1. Report the extension gain between residue 162 and residue 180 in nm, rounded to one decimal, defined as 0.36 nm multiplied by the number of residues separating them, less their alpha carbon distance.
2. At 7 Å along Cα-to-Cβ for each site, give me the label-to-label distance between residue 155 and residue 173 in nm.
3. Can you put 147, 10 in order of Cβ neighbours within 10 angstrom, beginning with the fewest?
4. Pulled fully out, how much extra length does the chain show between residue 59 and residue 142, if you take 0.36 nm times their separation in residues and subtract their Cα-Cα distance?
5. What is the chain's relative contact order, in percent, from Cα pairs under 8 angstrom and six or more apart in sequence?
6. With 10 angstrom as the radius, rank 158, 120 by how many other C-beta atoms surround their C-beta, starting from the fewest.
7. If each of residue 8 and residue 90 carries a label point 7 Å out from its Cα toward its Cβ, how far apart are those two points in nm?
8. Give the Kirkwood hydrodynamic radius (Å, one decimal) of the stretch 117-180, defined as one over the mean of 1/r across all pairs of different Cα atoms.
């Protein structure tokens with residue numbers, strides 16, 4: 001059984017993320033940028049994660065962060081958050097926009113925000129090196145089919161990694177201890 005953990009997203013955390021996205025445009029590459037809804041998902045993930053690890057929340061005033069959301073045990077960590085409407089299943093995948101591959105980070109933490117119950121699931125983590133060994137690449141315009149049979153066409157080149165390829169986390173302490 002894959003281990004991951006859930007965190008309830010408070011109204012205050014949600015409001016904080018909404019204010020950030022209203023004030024700042026976090027999609028600044030000029031290609032493959034997330035829309036406001038996708039940016040909100042990312043800010044929810046980063047805000048809740050910051051509170052979990054007792055670090056400063058994102059504030060947007062410093063501009064683009066080069067993919068480095070947090071420093072943990074001297075390592076650069078990028079939190080990647082997807083929106084979902086159901087709890088995370090072991091057979092799910094996590095998406096990663098390929099344009100972000102060049103960013104100088106050491107680890108990725110993958111999270112899922114369930115919009116139906118305001119739960120952020122910390123799904124697991126993986127080193128950047130191991131991510132690109134295990135993830136599958138899909139060129140821009142590829143059709144992807146979800147487990148429920150629905151499909152979408154990628155708006156950017158995309159990597160997918162299986163939930164089962166991430167390192168397990170049972171709580172925030174196990175995640176922090178694993179990033180070395």
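1. Working: separation 18, 0.36 × 18 = 6.48 nm, distance 2.21 nm.
Here the answer is 4.3 nm.
2. For the pair residue 155/residue 173, the computed spacing is 4.1 nm.
3. Ordered from fewest to most neighbouring Cβ atoms within 10 Å, 147, 10 come out as 147, 10.
4. Length difference between fully extended and current span is 26.5 nm.
5. Answer for the chain is 25 percent.
6. Listing 158, 120 from fewest to most nearby Cβ atoms yields 158, 120.
7. Calculated label separation equals 2.8 nm.
8. Every distinct Cα pair counted, the radius reaches 13.8 Å.
Only the coordinates and a few stated rules stand behind these numbers; no lab work does. Nothing here was measured: the structure is a model prediction, and the numbers come from that model. All Cβ positions, glycine included, derive from the backbone under ideal geometry; neighbour counts span all protein chains shown.
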